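Notes follow once the structure below has been shown.
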Amino acid sequence: MNLSPAVKKEYKKLYVAYKLDTNFVNIVFHKKRLRISINMKFSEINDPNGICKDITGLGRLGNGDVELFMEHKDELNQIMEIAKQSYDAQAE
């Protein structure tokens, strides 16, 4: 699912970055799940399902203070709602 033709996908050694001017989402592939970093402050995220974790100051791979995991396809819509918030913030 593309948010916009302006979104660039960059394959890095350890993750895939989705960016406009800078990364708004990074995806790290693990054996049984994806770890997704959202480039926003945790306090700015609207997370009605409680799927996001505050990783402020933890020094994880990726940009931003928000982390979530995807283990099943049925979680995709919730994750895309969170990712779109980061995209929208950067697109402004």
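Values for this structure:
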{"item": "Accessible heavy-atom area order of Arg35, Arg60, highest first, probe of 1.4 Å", "result": "Arg60, Arg35"}
{"item": "222 nm mean residue ellipticity, helices alone, for the chain (DSSP H n ≥ 4; -39,500 (n - 2.57); rounded to 500)", "result": "-6000 deg cm²/dmol"}
{"item": "Accessible area of the chain divided out per residue, in Å², using a probe of 1.4 angstrom", "result": "67 Å²"}
{"item": "For Glu75, net neighbour charge (Lys/Arg +1, Asp/Glu -1) across residues whose Cβ lies under 12 Å away", "result": "-1"}
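The values are calculated or read from the model by the stated rules, or taken from the named source; none is laboratory data. All figures in this text were calculated on a predicted structure; none of them were measured in a lab. Cβ: placed from backbone, ideal geometry, glycine included. Neighbour counts: every protein chain shown. For accessibility, only protein heavy atoms count, side chains too; no ligands or nucleic acids. Shrake-Rupley method; radii C 1.70, N 1.55, O 1.52, S 1.80 Å.
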